[in-house]
Amino acid sequence: MKTLAWGFTDDSLLIPIRLSNPLLETEYPIDGRVMAALDTGYTGFVLIPPMIFRALKLDELKPITTKGQMADGRSIRLLAAYGILRIPELPFEDEGLIETNPEIKEILLGMKAMRRLKTTVDGCRKLVMAETC
Amino acid sequence: MGVITLKLDDALEKKLRESASRVYGLARGSLSRAVEDALTMWLQSDASRPHRAVATKYKAFRGRAVVVEAQSLTELARGLKELGINPRDVEVRSSEPVPAVEKLGLRVAGRSA
């Protein structure tokens, strides 16, 4: 089993990913990887800014709406569609609801994205390590 | 009362004996009580359950009719393509229910409710 490690960046746990919408055959980014932050406070799968949601053409599919509850108790409306998350270096692939809202400014991987990953945070060496279950 | 003979790593055994005597005293049976406690907690936790990947099933609906059913999104996309159905015209549903509320965590700070 392959384990990969990445250094902390800006004190966030960032890992390189790719996203895709197999229904409309779109990928983000088009080449390479994009960094996503692991967020154990987010209970969903993947949360992305609207610009990336549009780039994946997820906004062209029939929308699924749900509610996001922020830490201060306020709620926001989330627009969602099914897509694929990949960590090509592992390799790892999982499917789930990719959500967005105009308030979202970065790509977050939530607890549902981590359910098939063994993720270790090594604060001493400033590393985040991941392997598949 | 059952009797189980098992092998433990030396360092773990040392820690177990030290902790058991600290928590339950040096009386006879303290080690068994500590092991019973540890096993009870392990059996109650997720770690003792087999981790079987539950296959998610997708269905594509057009109106009320299911037009394609698949085990993965890629398979669903292939099925729609084969039938010449535009994915924009279907509603994709998963066997995994859509949560009514997602907790967004501390990284999401909104301007408005």
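Readers should treat all values here as calculations from the given coordinates under stated rules, not as data from a laboratory. This is a predicted model, so every value here is computed, not measured. Glycine also receives a Cβ, built like all others from the backbone with ideal geometry; neighbour counts cover every protein chain displayed.
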With criteria (1) more than 7 Å from every other protein chain (Cβ to nearest Cβ); (2) in contact with a Lys or Arg (Cβ under 7 Å, 6 or more places away or on another chain), A:GLU103 comes up short on (1)
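So that you can scan it fast, the table gives a plain yes or no per residue for (1) touching a residue at least 40 places away in the same chain (Cβ under 8 Å); (2) in contact with a Gly (Cβ under 9 Å, 6 or more places away or on another chain); (3) within 14 Å of chain B (Cβ to nearest Cβ):
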position	(1), (2), (3)
A:ALA5	yes, no, no
A:LEU19	yes, yes, yes
A:ILE30	no, no, no
A:THR40	yes, yes, yes
A:GLU60	no, no, yes
A:MET70	no, yes, yes
For helices (runs of 4 or more DSSP H) lying entirely in the stretch B:1-110, having 3 or more residues that are out of contact with any Ser or Thr (no Cβ under 6 Å at 6 or more places or on another chain) and either surrounded by fewer than 12 Cβ atoms within 10 Å (Cβ to Cβ) or in contact (Cβ under 8 Å) with a residue 60 or more places away in the chain (or both) picks out B:10-24, B:30-44
Among the residues of the stretch A:75-100 satisfying the criterion of being surrounded by fewer than 16 Cβ atoms within 10 Å (Cβ to Cβ) and more than 8 Å from every other protein chain (Cβ to nearest Cβ), which is nearest to A:GLY44 (Cα to Cα)? A:ARG77
